[in-house]
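Take a look at the structure set out below.
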Amino acid sequence: MLKVSIIIPTFNRENYLYHAVESALNQDYPNVEVIVSDNASTDNTEESINKYFADSRFKYFRNEKNLGMVGNQRRGLFEYACGDWGLVLDSDDYLCDNSYISKAVKLIEENKNVVLVHANFRIKYEGTAKFKDSDKQLERIVPGRWMFLNYKYAVLGRVNYDKLTVLFNRRIAMELDIFKEDILSSDREAFLKISIEGNVGFVSDVVAVYRVHSSNLGKSADMDDFFKNIKATLIPYEFARQKGIFEEKQLEKWKRRMIREAAEVVLTGNLVNGVSRLGFLKAFIRRLLKEYPFAGITMFKVFRLRILGKILFRSIKW
């Protein structure tokens, strides 16, 4: 029976961590280990979950020093876990389908060469009754290379991966040396590379919840972080190019589209904040055009839609 490691990296999340741990331990799949990798928290993290220590499926590790977000994920996967398959669940998120791991393993066992399984998820806005579910409508099994080429850079995309639902082959992940680059989207970089190695399974159910709260808002607002994060596209691009599995023109087109879509997410998000982000937008656009001139079409698209939206709003108001 395949063993599954649910890895929960955490830092100062005492108010959320127990929910993530409990949701992992509530999975009905019998061969699960749940690992908390505490990144030298300074709050009451350990005390908040001490009731789970008696469960033989649960393991708690505390790093002597803070390794950063990506470093902590890497240590959990490479050093603390021992499963055949892995899922990285952020400590402020949780699983909401107790049968998800069972469903995912069934897909893996019934289909050849599956290297990754993912599913739909829910975004929950903390402190409100608001939520939104992803609406992916994929086949149960698709070629990973198709997934790679059709991947969309989006918050709620229909052809993308959301870390809190992704179950991946741990051996392949380690061979590909994932979670090495200290970037915001190290998971996207990892999962795109893993995709190329085989088929991808999909569970249509909503299986996990991503919380939006004050502590995780605005993480990607820093401009340097955005440009550094483009490695999440460039590294899989180079990986695929070296393997020679796609035509050069096809792969170049993919790279440019991914960078444009990433820029569109930043531009759209900052336009919502209006004048308060005007200085950031000007500096961002200048740098974007300097480093990636082909992304200029993105600005035209975003600002055109923004202007049309204002015109429509005014006409309706009138």
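With both residues required to sit in the chain, DSSP beta bridges show an antiparallel share near 35%. Peptide packing for 11-17, 190-196, 117-123, 48-54 was compared via the average number of neighbouring C-beta atoms within 10 Å per residue; ordered from the highest value, the list is 190-196, 117-123, 11-17, 48-54. Pairs Lys130/Lys193; Lys112/Lys163; Lys124/Lys152; Lys112/Lys243: which are spaced more than 27 Å apart, C-alpha to C-alpha? From Lys130/Lys193; Lys112/Lys163; Lys124/Lys152; Lys112/Lys243, over 27 Å: Lys130/Lys193. Tell me whether the range 163-234 comes out rounded, prolate or oblate; compute the Cα gyration tensor, take square roots of the eigenvalues as a ≥ b ≥ c, and use a/c under 1.5 as the rounded threshold. Cα axes put the range 163-234 in the oblate bin. Candidates (i) 29, 47, 20, 4, 0; (ii) 30, 49, 20, 1; (iii) 30, 57, 12, 0; which is the computed P(r) over Cα pairs in 20 Å bins from 0, in percent? Label (iii) holds the value from this structure.
Packing-based ranking of 86-97, 249-260 yields 86-97, 249-260, ordered from highest to lowest mean Cβ neighbour count within 10 Å.
On the principal axes of its alpha-carbon atoms, the range 1-145 has extents of 44, 38, 29 Å, going from largest to smallest.
Where a number appears in this text, it was derived from the coordinates with a stated rule and is not lab data. Keep in mind it's a predicted model, so treat the numbers as computed, not measured. All Cβ positions, glycine included, derive from the backbone under ideal geometry; neighbour counts span all protein chains shown.
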